[in-house]
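Below is one structure, written out as structure tokens, with a few remarks after it.
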Amino acid sequence: MLKKTPFHHLHLAAGAKMVEFGGWDMPVQYKNGIVYEHHLVRTKAGIFDVSHMGEIEVKGKDAESFLNRISTNDVTKLVPGKAQYTAMCYEDGGIVDDMIIYKLPHYFMVVVNASNKDKDFDWMKKHLAGDVQLRDESDETALLAVQGPLAEQILQPLTPENLAEIPYYGFVTGKLAGTDMYISRTGYTGEPGFELYFYTDHAESVWNTLLEAGKPFGLEPVGLGCRDTLRTEMGYALYGNDIGRDRNPLEAGLGWITKFDKGEFNGRSALAALKESGLKKRLMGIVLDEKAIPRGHYEVTTLEGTPIGEVTSGTFSPTLEKGIAMAYLETPYAKEGNRVGIRIRNSVQPGTVVRFPFLKK
């Protein structure tokens, strides 16, 4: 039995095509299709249901030190009203999950990937130490993302909070659409926008209020299909594709959230050893010369056909109108401007190695 978000019946009423994602029945697209929805978010705004994500409350006088020990980033730098992108690692440096930690006045909220929520919760419980209490808030939490250049303009009339004052990776607790919620300037699209956390009881009223307020600006519901093309254009890693148990943050280009100078944390010794010995692979972008579409697990080669890596995420970029791929490349080839190929249906399609994001803004 697939799980359903509190917006499930609203997706069906809006004509969504539903698919299984991380154990949930989720909208992949609506009537106008993925490319239409992609351009809508890049030029106006779209509303995503991302209530399948997991939310874990972490409380207690040792909550900060506990989170700092199980995550790669420096949690001590957080102040109330700020969020932080980070990851949890196994002792060998492999990635348990990537996540966002929100600091509130008296506790933390940790947002994890839908397919990993139960595994993450168990892993956190196994590493508990000191005065720390964990609570899974996922089933009572609805989460909508309003993303696009018009997002602030659409949402501002619905709240007394000054949205322009919320910095990137900042959030406030306030009312929006008549409902108490966390209003967070975060997202997974590369566009300005907000993620809204509130109790599931208010799901339908908030959804309807947002769409009604956004109608003059072109706001429409959008699905996970365009969420994937949007995040790929930005080079944002997806757990299960670009990062996972057999990948580490340094190879994945997440050295910026791996703070060796903060002291001990899970996986630190293994990651420090990897850094010292030199990385054998790096996650890089590839833009193909033609419109061929690369997919996960396709082989990356030299132009002469020698294997040098593997695609982890690939798609047709609606913005660039070219095939793009995120791929782990052997380090000598992982340099911007290098010419490589991707083997698609037994022919090597040429392309150029680039740094993320693909879409330069």
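FYI, it's all coordinate maths here, none of it is from the lab. Computed from a predicted model, the values in this text were never measured in an experiment. Note: ideal-geometry Cβ built from the backbone for every residue, glycine included; neighbour counts use all protein chains shown.
3J(HN,Hα) couplings calculated from phi for region 171-181 with the Karplus curve 6.51 cos²θ - 1.76 cosθ + 1.60 (θ = phi - 60°) are, in sequence order, 7, 10, 9, x, 9, 8, 6, x, 10, 5, 6 Hz; Gly and Pro show x.
For the chain, what is the calculated [θ] at 222 nm in deg cm²/dmol (nearest 500), taking -39500 (n - 2.57) for each run of four or more DSSP H residues and dividing by its residue count? Don't skip to the answer; put the middle values down first.
Numbers: 8 runs with 72 residues, N = 361.
Roughly -5500 deg cm²/dmol at 222 nm, from the helical runs in the chain.
Under 14 Å of direct C-alpha separation, and excluding same-chain neighbours fewer than eight residues apart, Lys280 reaches these aspartates and glutamates: Asp246, Glu251, Glu310, Glu330. When the Cα positions of Ile56, His297, Leu143 are compared along the charge dipole of the chain, His297 comes out farthest toward the positive end, with charges on each C-beta of Lys, Arg, Asp and Glu. Going out from 0 in 20 Å bins, what whole percent of all Cα-Cα distances in the chain drops into each bin? Percent of Cα pairs in each bin: 29, 58, 13, 0. Amide H to amide H distances under 5 Å link Thr301 with Ile308, Gly341, Ile342, Arg343, where only residues 5 or more positions off or on other chains count and H is placed in the peptide plane.
For Ser71, the residues whose amide H sits under 5 Å from its own are Asn266, ignoring neighbours fewer than 5 places away on the same chain, with H placed 1.01 Å from N. Simple point charges give the picture: +1 on the Cβ of Lys and Arg, -1 on the Cβ of Asp and Glu, and for region 45-109 a dipole about the Cα centre of about 380 debye. Most tightly packed first, judged by the mean number of other beta-carbon atoms within 10 Å of their residues, the peptides 41-52, 208-219 read 41-52, 208-219.
Here's the list of lysines a cross-link from Lys275 could span, going by alpha-carbon distance under 20 Å and ignoring same-chain residues fewer than 8 apart: Lys259, Lys262, Lys335.
In this structure the amide hydrogen of Phe356, modeled in the peptide plane, comes within under 5 Å of the amide hydrogens of Gly285, none closer than 5 places in sequence on its chain.
From the Cα gyration tensor of region 280-361, with a ≥ b ≥ c the square roots of its eigenvalues, which class applies: rounded if a/c is under 1.5, or else prolate if a/b is larger than b/c, or else oblate? Because a/c hits 1.5 or more and a/b fails to exceed b/c, region 280-361 counts as oblate. Name the residue from Ala177, Asn113, Pro249 whose Cα lies farthest towards the positive end of the charge dipole of the chain, charges +1 on Cβ of Lys and Arg and -1 on Cβ of Asp and Glu. Of the listed residues, the answer is Pro249.
Among Thr76, Met99, Ala237, flag the residue with its Cα farthest along the positive direction of the charge dipole of the chain, charges on Cβ as +1 for Lys/Arg and -1 for Asp/Glu. In the chain, that residue is Ala237. Only the Cβ atoms of Lys and Arg (+1) and of Asp and Glu (-1) were treated as charged; on that basis the dipole of the chain about its Cα centre amounts to roughly 840 debye.
Given +1 at the Cβ of Lys and Arg, -1 at the Cβ of Asp and Glu and no other charges, the dipole of region 92-242 around its Cα centre is 180 debye to the nearest 20.
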